[in-house]
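The values are calculated or read from the model by the stated rules, or taken from the named source; none is laboratory data. Note that the structure is a prediction, hence the values are computed from the model and not measured. Positions of Cβ are backbone-derived with ideal geometry, glycine not excepted, and every protein chain shown enters the neighbour counts. SASA here: full protein model, heavy atoms, side chains in, ligands and nucleic acids out. Shrake-Rupley method; radii C 1.70, N 1.55, O 1.52, S 1.80 Å.
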Amino acid sequence: MIMTREAGGPLLDVRDVVQEFAVRGPGGVKGAKVHAVSNVSFEMRAGETLGVVGETGSGKSTLARSVIQAPRPKSGVVSFLGTDLMTLGRRALTEARRHMQMVYQDPFGSLNPRWRITELVEEPLRGYGVRSATQRRARVAELLDLVGLDPSVYGGRRPHELSGGQCQRVAIARAIALNPALIVCDEAVASLDVLIQAQVLNLFERLRTELGLSYLFISHDLALVKQVSDRVAVMHLGRLVEVGPAGELYRRPLHPYTSALLDSIPGLDPVTGRVRRPSPPAGEPPSPINPPSGCRFRTRCPLARERCAQESPELREPFPGHQVACHFPLASASEDHEKRLT
Amino acid sequence: MSGERADTLAPPGSGRDAGRALLEVRDLRVRFSRGGRRVHAVNGLSYRLNAGEILAIIGESGSGKSVSARTLMGLLPPSAQVSGSARFEGTELLGMPEREMRGWRGAEIAMVFQDPARSLNPTMRIGAQITEAIRAHSDMSRKQAAARAVELLKLVHLPAAERRFYEYPHQLSGGMRQRVVIAIALAGEPRLLIADEATTALDVTTQAQIMELLLELQQRLGMAIILISHDLGLAASYAKNVVVMYAGRAVEYASAEELFAHVRMPYTQALLGAIPLLEREPHALLPVIPGQPPDPAALPAGCPFRPRCAAATDACLEPPPFEEHEPGHWWACWHPAKDPAEDPARDPGEPGGAHARPVKDGVQG
Ligand SMILES: Nc1ncnc2c1ncn2[C@@H]1O[C@H](COP(=O)(O)OP(=O)(O)OP(=O)(O)O)[C@@H](O)[C@H]1O
Ligand SMILES: Nc1ncnc2c1ncn2[C@@H]1O[C@H](COP(=O)(O)OP(=O)(O)OP(=O)(O)O)[C@@H](O)[C@H]1O
Ligand code: SF4
Ligand SMILES: [Mg+2]
Ligand SMILES: [Mg+2]
């Protein structure tokens, strides 16, 4: 199989992906299903960062794993660099995966504690057959430099001799070792303190511009996702409810759920010192085992009407490049948010 | 250490319009000995909290927030060496015998932790857990206590409280579990609730709901709250006063409005600058500072922030005293940032300068 990055189509094209898990329902009833990802579709262009936000259990990680086919989703199309990964056999999939890498939340857990930093970064090069040891060593030094770790200082250490932020840099060096086109970051900076987190976020930005990387950037932190994304997708109970350009989506959310998320963030504007007191939605999120009929947000939605219980809203595009799945989107009520953000 | 001088005087929070002190912490120090290494977890922390007020303690991981809070509850392991003073309505808590401390824990001061799962007994119905907590602090009959437990579950807005009474923790969502933990903490009608990262593990919507609940309880019951968090936004939104900790000491203290409008200490500035904000445009680079917090077993001489501070000079090899430099505003720094109100023309990119200012964005209404 030949994969080219210059192909005209999108980098990643995800169509109607469904992933479900068999679980025991309430009271231990067998045969219940978690609707973790339900008919999700989106596209990514090369060099673009798509942020994915949503509450815990909304299916972000399941979506990420579906994209990298680990495990393969129940149905749908995941077309990466023009090839549908859903149809590939094991060997072809392994080959395709070299172009898509994953960075996880736990920086220590993803690194073998017995290996030295140089060995850890060298591993993917070995795995994908960079034969010459000299070449590998040079590449490891280059990669460590790139992520801001002096190879002569850190190369000989083991993971426990590094801080969380430094370990995450090692994980990033491994991820970029084979020049991937796409990096999937699942809560990749969530465990880091703000100052270290800022260093790693800036590193992601630098690698994006220097290497032309694309990120699928998953986080429950809306402000963090805005920081790094060109476009943002909002997940709710397994469905995409809104996708749009980052700036616009936060300034003018169309889905009542996006708006509720934004209204829940405590914060302050350091220029004016002005404080934002959250006003969260009432009630508990519904169960993914037995999601509400129609729109899955309707039980908590201030705008819900009868139609919302009967018909599941399709993703449509009321503004160019800005999609929403809601029968009564917030187009007119948008000024509130604009005011709040200025 | 010469920085102790000021710390032994009146702690921040005292002063002209100070209310009734509920808790006064002075020069608190906690040291652990671990395999011959001395870990200086808390290094001369002072603050004061008035009855019914919310105080936020913010700082990065390892800055000593939890250890200083556990000290107040007598919950440190025997390897901890504690000095200083912590008076609760005049009564010294440090060195109090464990038997006496047990009478205080829960009844006067209660604590809520980050992980509700670990605070609850998975094998016991939640109603029974609250009832037990109530009976530990009062001589109510089982029946009276059960009625009170349902009352408490309603107070924390647990949906369908009567039914949930008979459920086990795993049948509740994370947010509901944290409500139950708060109900248990309220069982002894404490006057101080310490919430140690109590909402950190929750979703933003659930976090906001729990914070609203804490605020409501504070107002209805007149309970004081110490809000321990690494989230500056949370502190700004809910606390009256804020203590910023770095390497086991307080480095800045002021009311929330004053602190965030006029940050002085370079560390606080760096923290403020580094948080991703909704107000910034995508791909804006964050102002970063190099390095990591110091190892509490090998603290640098002088100001603990010196190795990372852009404003540092040789003067910073002496520990800067933590003093009230302006009415109600305390900081420990030899070269504090100028008050932006006095010097509006300053370049935000200047070293040691306004790290705290976000990159100016183009979001206009
Ligand atoms: N292997 C599995 N077996 C059963 N259920 C699963 C499995 N993996 C995920 N789920 C369920 O699928 C739903 C989506 O989970 P997922 O981990 O994708 O959410 P998430 O958005 O990543 O949440 P978080 O923010 O907590 O990481 C949840 O209800 C979860 O319990
Ligand atoms: N029992 C202990 N023995 C030895 N060192 C300890 C002990 N408990 C805490 N420490 C150390 O004391 C320092 C302060 O820890 P503390 O838990 O108070 O930090 P924190 O500010 O609450 O951080 P976090 O935000 O991660 O909760 C840390 O360096 C920690 O490793
Ligand atoms: S200027 Fe000096 S005293 Fe102030 S924070 Fe920096 S190193 Fe510490
Ligand atoms: Mg996840
Ligand atoms: Mg802590």
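Structural remarks
- Among beta bridges from DSSP that stay inside the range A:142-285, the antiparallel ones total about 65%.
- Angle of helix B:174-186 to the longest C-alpha principal axis of chain B, folded into 0 to 90 degrees and rounded to 10: 80°.
- Ratio of the Cα radius of gyration of the range B:36-143 to 2.2 N^0.38 Å, where N counts its residues: 1.25
- The charge dipole of chain B, taken about the Cα centre with unit charges on the Cβ atoms of Lys, Arg (+1) and Asp, Glu (-1), comes to about 1400 debye, rounded to the nearest 20.
- Chains A and B together bury roughly 4600 Å² of accessible area, counting both sides, with a 1.4 Å probe on protein heavy atoms only.
- Exercise: per-residue mean of other protein chain Cβ atoms within 10 Å, B:195-208: 5
- DSSP bridge orientation in chain A - percent antiparallel, rounded to nearest 5: 65
- Candidates per trypsin sites (Lys or Arg not before Pro) in the range A:121-216, loop by DSSP, up to 16 other Cβ within 10 Å: A:ARG131, A:ARG157
- Additional length obtainable on full extension of the chain from B:ASN121 to B:ALA310, 0.36 nm per residue less Cα span: 63.2 nm
- Rg/Rh ratio calculated on Cα atoms of chain A (Kirkwood radius): 0.99
- Pairs beyond 28 Å (Cα-Cα), from B:LYS65/B:LYS240; B:LYS240/B:LYS338; A:LYS30/A:LYS74; A:LYS74/A:LYS226; A:LYS60/B:LYS154: A:LYS74/A:LYS226; A:LYS60/B:LYS154
- Rolling a 1.4 Å probe over the heavy atoms of the protein chains gives the protein assembly as shown an accessible area of 42 Å² per residue.
- Selection from A:LEU12, A:PRO320, B:TYR246, by position along the positive dipole direction of the protein assembly as shown (Cβ): A:LEU12
- The charge dipole of chain A, taken about its Cα centre with unit charges on the Cβ atoms of Lys, Arg (+1), Asp and Glu (-1) only, comes to about 820 debye.
- Interatomic Cα distance distribution for the range A:110-179, bins of 10 angstrom, percent: 23, 60, 17, 0
- With 10 Å bins from 0: P(r) over chain B, alpha-carbon pairs, percent: 5, 23, 31, 24, 13, 4, 0
- Solvent-accessible area, 1.4 Å probe, carbon plus sulfur percent, for the range B:23-176: 50
- If R0 is taken as 30 Å, the Cβ-Cβ distance between A:ARG91 and A:ARG158 corresponds to a FRET efficiency of 0.40.
- With K and R counted +1 and D and E -1, the other residues having a Cβ less than 13 Å from that of A:SER110 yield a net charge of -2.
- Less than 5 angstrom separates the built amide H of A:LEU315 from none of the residues sequence-distant by 5 or more or on a different chain.
- Of all DSSP beta bridges in chain B, antiparallel share, percent nearest 5: 60
- Chain A - percent relative contact order, Cα under 8 Å, separation 6 or more: 19
- Calculated FRET value between A:ARG45 and B:GLN81, using beta carbons and R₀ = 60 Å, to 0.05: 0.50
- Leading residue at positive end of dipole, chain A (Cβ point charges), from A:THR209, A:SER152, A:ALA70: A:ALA70
- Volume of the convex hull of the protein assembly as shown (Cα atoms only), normalised per residue: 177 Å³.
- Within chain A, the whole DSSP H helices whose Cα atoms reach 24 Å or more along their own axis and whose mean Kyte-Doolittle score is at least -0.5 are A:194-211.
- The local environment of A:VAL184, defined by Cβ-Cβ distances under 12 Å, has a net charge of +1 under the rule Lys, Arg +1 and Asp, Glu -1.
- About its Cα centre, the dipole of the protein assembly as shown is roughly 2320 debye, where the only charges are +1 on Lys and Arg Cβ and -1 on Asp and Glu Cβ.
- Between B:HIS40, B:GLY127, B:ILE182, the Cα set farthest toward the positive side of the dipole of chain B (charges on each charged residue's Cβ, about the Cα centre) is that of B:GLY127.
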